[in-house]
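Student: Right, I'll just put the structure down here and ask away after.
The values are calculated or read from the model by the stated rules, or taken from the named source; none is laboratory data. These figures come from a predicted structure and were not determined experimentally. Every residue, glycine as well, gets a Cβ built from its backbone with ideal geometry; the counts of neighbours run over all protein chains shown. We work out accessible area using only protein heavy atoms, side chains counted, and drop any ligands, DNA or RNA first. Shrake-Rupley method; radii C 1.70, N 1.55, O 1.52, S 1.80 Å.
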Amino acid sequence: MWEMTMHPHDRARRRSGLAALFRGTGALLLWMGLGSLGAAALPARADAQQVVDLASDTTWNVSNSSHAPIGQAVYVCPNATFPQQCPAGATLWDWPDPGFYPTYAEIPGANSIWAPGETSTTSSSHKRFIFRKSVVLVGTPVSGTFYMTADDYVELRVNGSLVGAVGSTVTPAIWPLEAFDVLPFLTSGTNTFEITAENGPTSFGLGLDTYSNNPANTIFGGRLTATGNAGPPGAPAIVQAEVSGQDVRLRWSAPTTGGAATAYTLLARLAPGAPPVASVPLGAAMSLNVTAPPGLFILTVQASNTAGTGPESAQAQVLVPQPAVPPGPATLTASVTGTTVNLTWTAPTTGGFPTGYQLLAGATPGFTQPIASVPLPATATTLSIPGVPFGTYYLRLVATGAAGAGPASNEVTVVVTPPVLPGAPSLSAQVSGHTVTLSWTPGTGGAPDRYQLLVGGLLVDAGASTSISAPNVPSGAYVVNIRGLNAAGAGPFSVPVTFLVP
């Protein structure tokens, strides 16, 4: 992209700069080492242990007795006089007997739940529903305990195997709470929990079986633990890789496959498919913010744990642009012809590309306050200033660019003085037949702009040359002299020269 618009000297300069940057890995390691790690980091875990808590809430999927899905579980409030057990939006059954309420304290996070569509005025008697959820255990299961109770009966199955049951639909009970060891039923990977709950008649055979105002519900929960390490992690996913000026922001997500990641490493390349030139350990951080040098970088992230290092993430390509810097100094030269000052300069060979120049003139060497400032286009390399007043001037040239003004050029001194009359020239003549050649040298004093010959009382303009030849001159004796002229006027005539044409 740069090559399309870069000035030749600027292109060479920047190519050499990039070559120096990539001559080794030092600069790359430096900017990575100075980066700041994001705060979103993995929690410290002993042996990467995984803990999964389960509790009856509205995240459980519900099916009917025919295993047809009917929606998500809903909260049930058995009695409004116990508001701490009535989550927002709970269906109120207003059952007078709070016998099962102590159960809540035994299962943190658990609430009474039932199937959607049931109310306190509909018959919940002899209803049977299945609550289902799957969890993934990474590594080897090491413990599992599950608690449950229900109004009136509940069964627990783990991965299709019956673990146990609580309550009865035919014998009155005050919703006993029981604990079950589910470790023998757990496996590394996906584990599916099914809680089948059934509600019995209101009267339990006492002749009051109205089926209404019957708080059908179940309460359950438990904790599972696993080693959390099923081999090396899978590949992380880079979810953000962006550049703002010289700032690079990188963020990634944890692997969704393999063992749990405990650390990450950033790999950097200078071209797709090239071997890494830097490998930077990042600990448990999940993001990186860094100020980078200009260049193209190919970044990937690897996750690791005690079992090893997983595969790299997909590559993220970031292009850090060349920072805008002011142009370097130009080189300035000057000459004076009469009252015309002639300037010539060469463009800067360092810094940014010039977009213009500023000519500064001062009255003293090393001036800080210019007496004149003239803007010039970036394409200019010469300037002639006619009619400069007599005096001594000190000139500097400043190149400007996208990042502002650069340092000034060298300072040149120009002296514009009043003209001085030319001195009398020295004149000589040569005769060959009827051809006469006159030549002369300037005298002292000011430099002549042109000359005048005086021949037989007539003034003849001889131009600015220092010789003249006239053919076919008639025979006779001649007396000739010459003088120089400049802005100060006409100088004195030379000594007359006499010659004879035969």
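Student: Residues of segment 363-377 being open to solvent by 90 Å² or more (accessible area, probe 1.4 Å) and within 28 Å of Ala488 (Cβ to Cβ), which ones?
Tutor: Ile371
Student: Does Ala380 satisfy the condition of being in a strand (DSSP E or B), in contact (Cβ under 8 Å) with a residue 12 or more places away in the chain and open to solvent by less than 70 Å² (accessible area, probe 1.4 Å)?
Tutor: no
Student: Another question about this same structure. Scanning for something in contact (Cβ under 8 Å) with a residue 24 or more places away in the chain, open to solvent by 60 Å² or more (accessible area, probe 1.4 Å) and polar (S, T, N, Q), does segment 394-410 turn up at least one residue?
Tutor: yes
Student: Which residues, counting only those in segment 303-321, are touching a strand residue (DSSP E or B) at 6+ places or on another chain (Cβ under 9 Å) and either of a type in the set (A, V, I, L, M, F, W, C) or open to solvent by 60 Å² or more (accessible area, probe 1.4 Å) (or both)?
Tutor: Ala303, Ala307, Thr309, Pro311, Glu312, Ala314, Gln315, Ala316, Gln317, Val318, Leu319, Val320, listed by residue number.
Student: Another question about this same structure. Is it fair to say Pro425 is open to solvent by less than 20 Å² (accessible area, probe 1.4 Å) and touching a Lys or Arg at 6+ places or on another chain (Cβ under 8 Å)?
Tutor: Answer is yes for this residue.
Yes or no, residue by residue, for (1) more than 12 Å from the chain's Cα centre (by Cα); (2) farther than 14 Å from Ala254 by Cα; (3) free of Cβ contacts under 8 Å to residues at least 24 places away in the same chain:
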residue: Ala284; (1), (2), (3): yes, no, no
residue: Ser287; (1), (2), (3): yes, no, no
residue: Leu299; (1), (2), (3): yes, yes, no
residue: Gln302; (1), (2), (3): yes, no, no
residue: Gly308; (1), (2), (3): yes, yes, no
residue: Glu312; (1), (2), (3): yes, no, no
residue: Val320; (1), (2), (3): no, yes, no
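Student: Further, regarding this structure: Taking Leu454, is it surrounded by fewer than 17 Cβ atoms within 10 Å (Cβ to Cβ) and closer than 18 Å to Phe499 by Cβ?
Tutor: In short, yes.
Student: (1) surrounded by 14 or more Cβ atoms within 10 Å (Cβ to Cβ); (2) under 30 Å from Val374 (Cα atoms); (3) more than 60 Å from the chain's Cα centre (by Cα): which one isn't true of Pro418, the others all being true?
Tutor: Going through (1) surrounded by 14 or more Cβ atoms within 10 Å (Cβ to Cβ); (2) under 30 Å from Val374 (Cα atoms); (3) more than 60 Å from the chain's Cα centre (by Cα) one by one, Pro418 breaks only (1).
Student: Would you pick out the residues in segment 348-362 that are modelled with pLDDT of 95 or more and open to solvent by 60 Å² or more (accessible area, probe 1.4 Å)?
Tutor: none
Student: Quick one: how many residues across segment 243-262 are assigned to a strand (DSSP E or B) and touching a Gly at 6+ places or on another chain (Cβ under 6 Å)?
Tutor: 1
Student: What's the number of the condition Thr291 fails, among (1) touching a strand residue (DSSP E or B) at 6+ places or on another chain (Cβ under 8 Å); (2) of a type in the set (Ser, Thr, Tyr); (3) over 17 Å from Val248 (Cβ atoms); (4) loosely packed, with under 15 Cβ neighbours inside 10 Å?
Tutor: Of everything listed in (1) touching a strand residue (DSSP E or B) at 6+ places or on another chain (Cβ under 8 Å); (2) of a type in the set (Ser, Thr, Tyr); (3) over 17 Å from Val248 (Cβ atoms); (4) loosely packed, with under 15 Cβ neighbours inside 10 Å, Thr291 misses just condition (3).
Student: Residues in segment 161-183: is at least one within 16 Å of Phe131 (Cβ to Cβ), at pLDDT 90 or above and among the polar types (S, T, N, Q)?
Tutor: no
Student: Something else now. Where residues in segment 380-415 are among the β-branched types (Val, Ile, Thr) and farther than 17 Å from Thr331 by Cβ, which of them is nearest to the chain's Cα centre (by Cα)?
Tutor: Ile385
Student: Tyr147 - would you say it is more than 20 Å from Ser63 (Cβ to Cβ), open to solvent by 60 Å² or more (accessible area, probe 1.4 Å), aromatic (Phe, Trp, Tyr) and modelled with pLDDT of 90 or more?
Tutor: In short, yes.
Student: Being of a type outside the set (Phe, Trp, Tyr), touching a residue at least 60 places away in the same chain (Cβ under 8 Å) and open to solvent by 60 Å² or more (accessible area, probe 1.4 Å) is the filter; apply it to segment 459-494 and report the residue that is nearest to Thr417 (Cα to Cα).
Tutor: If we take residues in segment 459-494 being of a type outside the set (Phe, Trp, Tyr), touching a residue at least 60 places away in the same chain (Cβ under 8 Å) and open to solvent by 60 Å² or more (accessible area, probe 1.4 Å), then Ala487 is nearest to Thr417 (Cα to Cα).
Student: Follow-up question, since we're still on this one. Which strands (runs of 3 or more DSSP E) does segment 403-502 wholly contain that include 1 or more residues that are aliphatic (A, V, I, L, M) and more than 25 Å from Val336 (Cβ to Cβ)?
Tutor: Ranges flagged: 404-408, 426-432, 435-441, 450-455, 458-463, 467-470, 476-486, 497-501.
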